[in-house]
C-alpha cells in the first residue's frame, strides 16, 4: 500500500524532470555553440577569399591577376584547379586527417579561391559585385534559417539537388564549346535555384550531424567540413547571381 505521506515518492520524479531539463538546456547550448562555430568558419573564409581576391586584382589591367590570367602559363591553371583538388582531398581524406590539418586546408582553400575569383574584379563593375554579394548574403541568411528551423526532412530534396549540380557541371562544359548566351543564362538561373536549395539542405544536415557527433572528438572535423559545404553554397550562388545580373566594367 502506498505511503502518500512519504515525500521521497514525489521528490524522485521532480529530480528526474529537473535533470532532463538541465540535460536539454546543456544540449541546446552545445548545438548553438556548434552552429556558431560553423558560421564563424564559413564567414571568415568568405571574408578571407574576398580580401585576397580584391588585393590580387588591385590595379586592374596592371594587377597581378591580370598578368597571371591573361598572360597564360601554367600558374593560371594551378590557381584555377588547386581549390578543387583541396576540396576532394578534404572530402575523401577527412577521416584520416586531424582537425588541425583540415583547418589548415580550409584556410589554404579560401586563399586559393580568392586568387581564382580575382578575375571578377577585372570583368564586372564594383557596383555589380557588391549588389550580387549583398543579395546572396540576404538570400543565404533566409534559406539557412529555413533549413535550421523547418521540421520537414530535406534529405530526398538534397539528393535531387546534388544530381542537379552534376547536370549543371556537364551543361557548363558543353557551353564552353557552344558559347550560347541563352544556354548560359539558363545555366546561371538554374545554378541560383540549385545552390539556394542546397543552402537549406546543408544547414539542416549540419544541424543533424551534431546529434551524431556531440560529445565526441569528431565535432571539430564536422565543424570544418560543414563550414566548407556552406561556403561553397554561398560562393556558387553569388557567382551565378553575378553572371545573371552583373554588368561589365567596360
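Read-outs: derived from the displayed coordinates by stated rules, not from any lab. Predicted model, so just to flag it, every value in this text is computed and none were measured. Don't worry about glycine lacking a Cβ; one is built from the backbone with ideal geometry, like all the others, and counts go over all protein chains shown.
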note = Rounded to one decimal in nm, the spacing of the 7 Å Cα→Cβ label points at residue 40 and residue 125 is 3.9 nm
inquiry  = Please compute the Kirkwood hydrodynamic radius of the chain from all pairs of different C-alpha atoms, in Å with one decimal.
reply    = 20.5 Å
task = Using a Förster distance of 35 angstrom, determine the FRET efficiency expected from the C-beta separation of residue 85 and residue 149, and round it to 0.05.
result = 0.45
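What length, rounded to one decimal in nm, is gained on full extension from residue 245 through to residue 70, with 0.36 nm per residue of separation minus their alpha-carbon distance? Don't skip to the end; give the middle numbers.
Details: separation 175, 0.36 × 175 = 63.00 nm, distance 2.41 nm.
Stretched out fully, the residue 245 to residue 70 stretch lengthens by 60.6 nm.
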ask   = Tilt of helix 181-213 relative to the longest C-alpha principal axis of the chain, in degrees (0 to 90, nearest 10)?
value = 30 degrees
note = For the residue 170, residue 216 Cβ pair and Förster radius 45 Å, calculated FRET efficiency rounded to 0.05 is 0.75
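What percent do you get for the relative contact order of the chain when only Cα pairs under 8 Å and 6+ apart count?
Details: 224 pairs, mean separation 72.6, N = 250.
Relative contact order for the chain comes out at 29 percent.
Could you give the length gained on full extension between residue 27 and residue 95, defined as 0.36 nm per residue of separation minus the Cα-Cα distance, in nm?
The span from residue 27 to residue 95 would gain 22.0 nm if fully extended.
Would you mind calculating the gained length between residue 163 and residue 138 on full extension (0.36 nm times residue separation, minus the Cα-Cα distance), in nm to one decimal? Intermediate values should be presented prior to the final figure.
Values: separation 25, 0.36 × 25 = 9.00 nm, distance 2.56 nm.
Full extension from residue 163 to residue 138 adds 6.4 nm.
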query = What is the helix-to-structure angle for 126-149, meaning the angle in degrees between its Cα long axis and the longest Cα principal axis of the chain, kept from 0 to 90 and rounded to the nearest 10?
reply = 20 degrees
task = Can you bin the range 90-203 into rounded, prolate or oblate? Criterion: square roots of the alpha carbon gyration tensor eigenvalues sorted a ≥ b ≥ c, rounded for a/c under 1.5, prolate for a/b above b/c, oblate for the rest.
result = rounded
inquiry  = Could you tell me how far the Cα centroid of the range 30-62 sits from the Cα centroid of the range 202-224, in Å?
reply    = 21 Å
